[in-house]
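Q: Below: one structure in structure tokens.
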Amino acid sequence: MPCYSNSLTNQLMSNISNPMNVKETILADLVTAMKAKDSKRLQVLRSLKAKLLEKEIEQRSGGKAELTNEEALTVLTKAAKQRKESIDQYSSGNRFDLVEIEKIELEIIESYLPAPMSNEEILKLIDIQITNVGATGMQDIGKVMGPIMGELKGKADGSIVNRLVKERLGS
């Protein structure tokens, strides 16, 4: 696991809490990582920058497209999910050297994502949605899941939300 100096860590953490959008934060941290010669962080940030640029190019229509913060977070969430899947695959293949690399990369990516919601917070939103749509059983799962996932996008893992909704509707 890489060991960052306190000043570098503080600078990187201050960028995360700064009101800049995610893309600007990543670009600023990319420069910081270059100056600090932090090759692992630099590699991950370059990868994220490429993914963000790819998404911008995909959205262009006759001019310049700028990603919203939400779209950038979607790109980061997808990258984090890919790392998690890789960790599972490498673990099942007994490639623990690659598991460690993916965990470090995942940690870096997750530092740019908002903190995930707790199960209690998710359950409160689920209960509100169940009440709003008048859901009574599993047949109403679509009425509950659709709006909830739109609201929780990037804030909670879909599989966890799905499990919690099923628990609520199943009882």
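Q: Which one of these does Val31 not meet: (1) buried (at least 17 other Cβ atoms within 10 Å of the Cβ); (2) assigned to a helix (DSSP H, G or I); (3) of a type outside the set (S, T, N, Q)?
A: Going through (1) buried (at least 17 other Cβ atoms within 10 Å of the Cβ); (2) assigned to a helix (DSSP H, G or I); (3) of a type outside the set (S, T, N, Q) one by one, Val31 breaks only (1).
Q: Sticking with this one: Looking for whichever is at pLDDT 95 or above, farther than 14 Å from Glu110 by Cα, surrounded by 14 or more Cβ atoms within 10 Å (Cβ to Cβ) and of a type in the set (Gly, Ala, Ser) here; the options are Ser92, Ser86. Which one fits?
A: Result of the check over Ser92, Ser86: Ser86.
The values are calculated or read from the model by the stated rules, or taken from the named source; none is laboratory data. A quick note: this is a predicted structure, and the numbers were derived from the prediction, not measured. Reconstructed Cβ throughout: ideal geometry from the backbone, glycine too, with neighbour counts over all protein chains shown.
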